[in-house]
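What follows is a set of notes on a single structure, which appears directly below.
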Amino acid sequence: MFRIIDTIRKLLRPSVRPNNTPEVVVVGSPLYVAVHEAGHAVLARQFGGVISEMRLFDGPPYSGKTVVIFSDAEQSALYSLGGFAAEQLMFEAGLIKLNGSAISETAFQAEQRANASVDFGRFVSATPGANFDLFAQAAHSVKPQMTLEALWPLAAALEKRRFLTELDIV
């Protein structure tokens, strides 16, 4: 487990961030929402899901939707955690700001919880009787499956175009 964390930290150092990676991602911004949605899409692909569309809705508040077709409920449950895992990667990389300043871990977690209703509902409906912390599950089970390098191109495309179809997400 510690090797995974060390590897992620090395990948996220400013000197090795992917090209076109922003220095700051503001909570609630279109890019923040796009990265969250990209987290769903990256995991969906890894778990064999078919992404039929991704949308970024204008705001404020901005919101998004990623529609994926899966063959079983467990895959759907894991996919629902992808957005939170993507947010946690951004936070750990020091990219997330709130109102122009650094955000504490407590404030970050409060923001995640405030925006969790849709994903939490999807996760709970896919895993009846689940009684554990959604965010801890995202951090431990799902986050190691993704990298910022995998998220940025998809998030940038979604932020720019606001709508992607299966053909756009290759």
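The values are calculated or read from the model by the stated rules, or taken from the named source; none is laboratory data. The structure displayed is predicted, hence computed values, not measured ones. So basically every Cβ, Gly included, is an ideal-geometry build from the backbone, and we count neighbours across all protein chains shown. To get the accessible areas, we keep the full protein, side chains included, count just its heavy atoms, and leave off ligands, DNA and RNA. Shrake-Rupley method; radii C 1.70, N 1.55, O 1.52, S 1.80 Å.
Out of Thr21, Thr7, which single residue is modelled with pLDDT under 85, part of a loop (DSSP other than H, G, I, E, B) and hydroxyl-bearing (Ser, Thr, Tyr)?
Among Thr21, Thr7, only Thr21 is modelled with pLDDT under 85, part of a loop (DSSP other than H, G, I, E, B) and hydroxyl-bearing (Ser, Thr, Tyr).
Would you point out the residue of region 81-99, among those that are among the hydrophobic types (A, V, I, L, M, F, W, C) and outside any helix (DSSP H, G or I), that is modelled with the lowest pLDDT?
So in region 81-99, the residues among the hydrophobic types (A, V, I, L, M, F, W, C) come out as 81, 84-86, 89-91, 93, 95-96, 98.
Cutting the leftovers down to outside any helix (DSSP H, G or I) gives us 81, 93, 95-96, 98.
Working: Leu81: 80, Ala93: 86, Leu95: 88, Ile96: 87, Leu98: 84.
Looking at residues that are among the hydrophobic types (A, V, I, L, M, F, W, C) and outside any helix (DSSP H, G or I), I get Leu81.
Could you grab me the full set of residues in region 88-105 that are open to solvent by less than 10 Å² (accessible area, probe 1.4 Å) and either under 12 Å from the mean Cα position of the chain (by Cα) or small (Gly, Ala, Ser) (or both)?
Leu89, Met90
Given the condition at pLDDT below 85, in contact with a Lys or Arg (Cβ under 7 Å, 6 or more places away or on another chain), crowded, with 24+ Cβ neighbours inside 10 Å and more than 13 Å from Leu154 (Cβ to Cβ), answer yes or no: does some residue in region 62-79 qualify?
No, every residue in region 62-79 fails to be at pLDDT below 85, in contact with a Lys or Arg (Cβ under 7 Å, 6 or more places away or on another chain), crowded, with 24+ Cβ neighbours inside 10 Å and more than 13 Å from Leu154 (Cβ to Cβ).
Mind listing whichever residues of region 143-164 are outside any helix (DSSP H, G or I) and under 14 Å from the mean Cα position of the chain (by Cα)? First the steps, then the outcome.
First, the residues of region 143-164 that are outside any helix (DSSP H, G or I): 146-147, 162-164.
Within region 143-164, Met146, Thr147 qualify.
Does Ile51 fit the bill of being surrounded by fewer than 16 Cβ atoms within 10 Å (Cβ to Cβ) and of a type in the set (Val, Ile, Thr)?
No: the conditions fail for Ile51.
Which members of region 42-63 meet the condition of being part of a helix (DSSP H, G or I) and in contact with a helix residue (DSSP H, G or I) (Cβ under 6 Å, 6 or more places away or on another chain)?
Val42, Leu43, Ala44, Gln46
Of the numbered conditions (1) surrounded by 14 or more Cβ atoms within 10 Å (Cβ to Cβ); (2) at pLDDT below 85; (3) touching a helix residue (DSSP H, G or I) at 6+ places or on another chain (Cβ under 6 Å); (4) among the hydrophobic types (A, V, I, L, M, F, W, C), Val124 fails exactly one; give the number of that condition.
Going through the list (1) surrounded by 14 or more Cβ atoms within 10 Å (Cβ to Cβ); (2) at pLDDT below 85; (3) touching a helix residue (DSSP H, G or I) at 6+ places or on another chain (Cβ under 6 Å); (4) among the hydrophobic types (A, V, I, L, M, F, W, C), Val124 breaks only (3).
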